[in-house]
Amino acid sequence: MTMLIAFASLAPVPWKNGGGSTTEIAIEPPGALLSDFDWRVSLATISQNGPFSLFPGVDRTLVLVEGPGMVLDVDNSGRFVLGEDDVIIEFAGESVIQATLAGAPTIDFNVMTRRTVCHHKFGIRRLTGSSVFAPRGDRSLLFLAEGESLSISSDDERIGMVRFDAVMFDTDTLWTLESSEATVFIVDIFLGAETP
């Protein structure tokens, strides 16, 4: 089933440490907690320096959506600058990560999959005009990261999106995406552990 997830209908949840907030976009199974989800997609606002929460057994993709970015110290052995030149980082949820903001808060898109249950692939597409989109995963989510609006249509339905809206797709339909200018994030989630 195809479902529009309107960002305006979602509520941010402040972090216990006061360093930011998270708006959950989708989670499976529905109603799962942070300790027992199979997969989760969210949008986070990071407003101060601090450590990332640990999620053992979870694979993560973090993507800069808005703001100047941050420096991530990973496992006390490596440093990654999440910014305009490199907007995506993938890492294991058990990694110890310390974030230092580059002078201002950031908004970041976050994908988490429990690796014994499922895995994900992430992609970015920049749109001008009309293009075709075919969901590839067992679950596929499209997120409007930049642009005022996006229209998606199939032979049977048409859905209008505004910035930060998402759509969860079934996998059997070919879609047309239409926007004067937009950037979309695509998350394909595949059931089962990833094979090497």
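The values are calculated or read from the model by the stated rules, or taken from the named source; none is laboratory data. Keep in mind that what you see is a predicted model, and the values were worked out from it rather than measured. Counting neighbours? That spans all protein chains shown, and the Cβs are built from the backbone with ideal geometry, glycine included. Each accessible area value is taken on the protein alone, full model and side chains, heavy atoms only, with ligands, DNA and RNA left out. Shrake-Rupley method; radii C 1.70, N 1.55, O 1.52, S 1.80 Å.
Sort through L150, L174, L141 and tell me the only one that's of a type in the set (A, V, I, L, M) and open to solvent by 20 Å² or more (accessible area, probe 1.4 Å).
L174
Which one of these is surrounded by fewer than 20 Cβ atoms within 10 Å (Cβ to Cβ), out of contact with any helix residue (DSSP H, G or I) (no Cβ under 8 Å at 6 or more places or on another chain), modelled with pLDDT of 95 or more and not assigned by the TED database to the domain that holds V41: V162, V132? Explain how you work it out, then say what you get.
Numbers: V162 fails: out of contact with any helix residue (DSSP H, G or I) (no Cβ under 8 Å at 6 or more places or on another chain).
Result: V132 is the single residue among V162, V132 that is surrounded by fewer than 20 Cβ atoms within 10 Å (Cβ to Cβ), out of contact with any helix residue (DSSP H, G or I) (no Cβ under 8 Å at 6 or more places or on another chain), modelled with pLDDT of 95 or more and not assigned by the TED database to the domain that holds V41.
On the basis of being outside the structural domain of Q48 (by the TED database), out of contact with any Phe, Trp or Tyr (no Cβ under 7 Å at 6 or more places or on another chain) and of a type outside the set (S, T, Y), does G103 make the cut? It would help to see each step written out before you state the result.
Numbers: outside the structural domain of Q48 (by the TED database): no; out of contact with any Phe, Trp or Tyr (no Cβ under 7 Å at 6 or more places or on another chain): yes; of a type outside the set (S, T, Y): yes.
No, not satisfied.
Name the one entry in R126, R158, R136 that is of a type outside the set (S, T, N, Q) and without any contact (Cβ under 8 Å) to a residue 24 or more places away in the chain.
R158
Being assigned to a strand (DSSP E or B) and touching a Pro at 6+ places or on another chain (Cβ under 9 Å), is that true of even one residue in region 117-139?
No; the residues of region 117-139 include none that is assigned to a strand (DSSP E or B) and touching a Pro at 6+ places or on another chain (Cβ under 9 Å).
Tell me the strands (runs of 3 or more DSSP E) entirely within region 1-85 that contain at least 3 residues that are open to solvent by less than 80 Å² (accessible area, probe 1.4 Å) and without any contact (Cβ under 8 Å) to a residue 40 or more places away in the chain.
Hits in region 1-85: 20-28, 70-74, 78-82.
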